[in-house]
C-alpha cells in the first residue's frame, strides 16, 4: 500500500482456497481475537463471491509496485456485482442477494459500490426497523487539524426517522476513550424526535468497563473483553457487515470493505438477517447496554448479579 499514504489499510477479510470468505470487525491480532467483542460473517463454498472480493485484494497488492494511485484501474479489477446486479444465491437455505463494497472512492474501480452507498441501499430498503451496532459514532472528518461535519450516514438516520417513520436503534460502544462529541451528536439526533409524531429513535451505550473494573478488582485477570467492536447494520430485509465504525474520517480516508446481504424471505430461523437481529437484541437487552453514560462502577450490583448467576447455574445443574 506504499502508493496510498492518505489513510490506513483498515480492511479485515480472509479468502481461503478461493472458496470461503470471512469479513467482519476482527483484526488478526491477539487483542482483537482474545479481548474484544467482534462480529463477522463466514460464507462457505461461494467461489463467485470470492472472485469479487479477490479483485479488492488484487487492487491492494497492485499498489505495492506503484508510486502513486493510477488515474484508471485495470479492467481485471472492475467489480463483478453491485446494487444493480447483485449475486443471487442461497445462504442458510434462504434466497439471498449479495454484493461487496469498499472505500475510499480513490480505491474504487468502475462498478464498485462505495461503503456509504452500500449502507444507503440497506437503510433505504428498510420497511420496519434499522438496528445499528458500532464502536464509534462520530460524523466528522479530521484532516490536518481541520474538522468538518460529515453528514452522510447521520443524515440518512434523520431521513429514515422523520420522512419514513422507521424505527431506529443505535448501539454505541462506551469506554474511557469515547470521543465526547459522540454525546453531542446523539443529543442532536434525539432532539429531532422531540414532538414529532411517529419518530422512533432509541440510543444505548454498550459498556463493558464497569463489570470489567469490578471483575479485575476481584480476579486480577486482564483477559475479560473491554470493547464491543461490532460494525454492522441490520434491517427487516437486509444487512451490512463491514470494517468501519461510523466515523467520517474512516470512510473518507481509510481502505475498508463491506458485505451487503439482502433477504426478503426471513422466515427461516437460520437466515443471516434473523441471526443478526437476534445478536443485536441480545446485546440491546443485556445488562451492558445502558441509556445513561454515567461511569461509576457499581461493584455491589456486580457481586449480586454474579451470585445470582452462580445460583442459577447450580440450579440448572441440579
Review point. If only one of 182, 178 is in a loop (DSSP other than H, G, I, E, B) and buried (at least 18 other Cβ atoms within 10 Å of the Cβ), which one is it?
Key: 178
**Study point:** Filter result (surrounded by 16 or more Cβ atoms within 10 Å (Cβ to Cβ) and either under 30 Å from residue 207 (Cα atoms) or over 19 Å from the mean Cα position of the chain (by Cα) (or both)) within segment 44-53
**Key:** 46, 49, 50, 52
Point to revise | Checklist (1) part of a strand (DSSP E or B); (2) modelled with pLDDT under 50 applied to residue 215, failing item | key: (1)
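Rundown of residues vs (1) touching a residue at least 60 places away in the same chain (Cβ under 8 Å); (2) more than 16 Å from residue 291 (Cα to Cα); (3) over 20 Å from the mean Cα position of the chain (by Cα), yes/no style:
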| site | (1), (2), (3) |
| --- | --- |
| 139 | yes, yes, no |
| 145 | no, yes, yes |
| 173 | no, no, no |
| 180 | no, no, yes |
| 192 | no, yes, yes |
| 195 | no, yes, yes |
| 201 | no, no, no |
| 205 | yes, no, no |
| 209 | yes, no, yes |
Check your understanding: Conditions: (1) at pLDDT 95 or above; (2) within 18 Å of residue 255 (Cβ to Cβ); (3) surrounded by fewer than 17 Cβ atoms within 10 Å (Cβ to Cβ). Residue 105 meets all but one. Number of the miss?
Key -> (1)
Point to revise | Residue list for segment 127-150, filter: at pLDDT 95 or above, part of a loop (DSSP other than H, G, I, E, B) and either in contact with a helix residue (DSSP H, G or I) (Cβ under 6 Å, 6 or more places away or on another chain) or surrounded by fewer than 18 Cβ atoms within 10 Å (Cβ to Cβ) (or both) | key: 127, 128, 139, 150
Revision key, fill the gap. Scanning segment 60-102 for residues that are buried (at least 16 other Cβ atoms within 10 Å of the Cβ), modelled with pLDDT of 95 or more and over 30 Å from residue 270 (Cβ atoms) gives 77
**Study point:** Search result, residues across segment 27-49 that are in contact (Cβ under 8 Å) with a residue 24 or more places away in the chain and touching a strand residue (DSSP E or B) at 6+ places or on another chain (Cβ under 9 Å)
**Key:** 36, 37, 38, 39, 40, 41, 43, 44, 45, 46, 48, 49
Exercise for review: Taking residue 269 as the residue in question, decide whether it is modelled with pLDDT under 90, touching a helix residue (DSSP H, G or I) at 6+ places or on another chain (Cβ under 6 Å), farther than 17 Å from residue 168 by Cα and outside any helix (DSSP H, G or I).
Suggested key: no
Revision key, fill the gap. Note: among 81, 120, just one is over 19 Å from the mean Cα position of the chain (by Cα) and within 30 Å of residue 274 (Cβ to Cβ), namely 81
Point to revise | residue 160 being more than 20 Å from residue 196 (Cβ to Cβ) and in contact with a strand residue (DSSP E or B) (Cβ under 9 Å, 6 or more places away or on another chain) | key: no
**Study point:** All positions within segment 105-116 that are within 16 Å of the chain's Cα centre (by Cα) and either within 22 Å of residue 89 (Cα to Cα) or not in a helix (DSSP H, G or I) (or both)
**Key:** 114, 115
**Study point:** Which numbered condition residue 6 misses (of (1) closer than 14 Å to residue 256 by Cα; (2) in contact (Cβ under 8 Å) with a residue 60 or more places away in the chain; (3) within 18 Å of the chain's Cα centre (by Cα); (4) surrounded by fewer than 19 Cβ atoms within 10 Å (Cβ to Cβ))
**Key:** (3)
Revision key, fill the gap. In segment 116-126, residues that are in contact with a helix residue (DSSP H, G or I) (Cβ under 9 Å, 6 or more places away or on another chain) and either more than 14 Å from residue 262 (Cα to Cα) or crowded, with 20+ Cβ neighbours inside 10 Å (or both) total 4
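The values are calculated or read from the model by the stated rules, or taken from the named source; none is laboratory data. Just so it is clear, the model here is predicted, and its values are computed rather than measured. Using ideal geometry, Cβ is built from the backbone for each residue, glycine included, and neighbour counts are taken over all protein chains shown.
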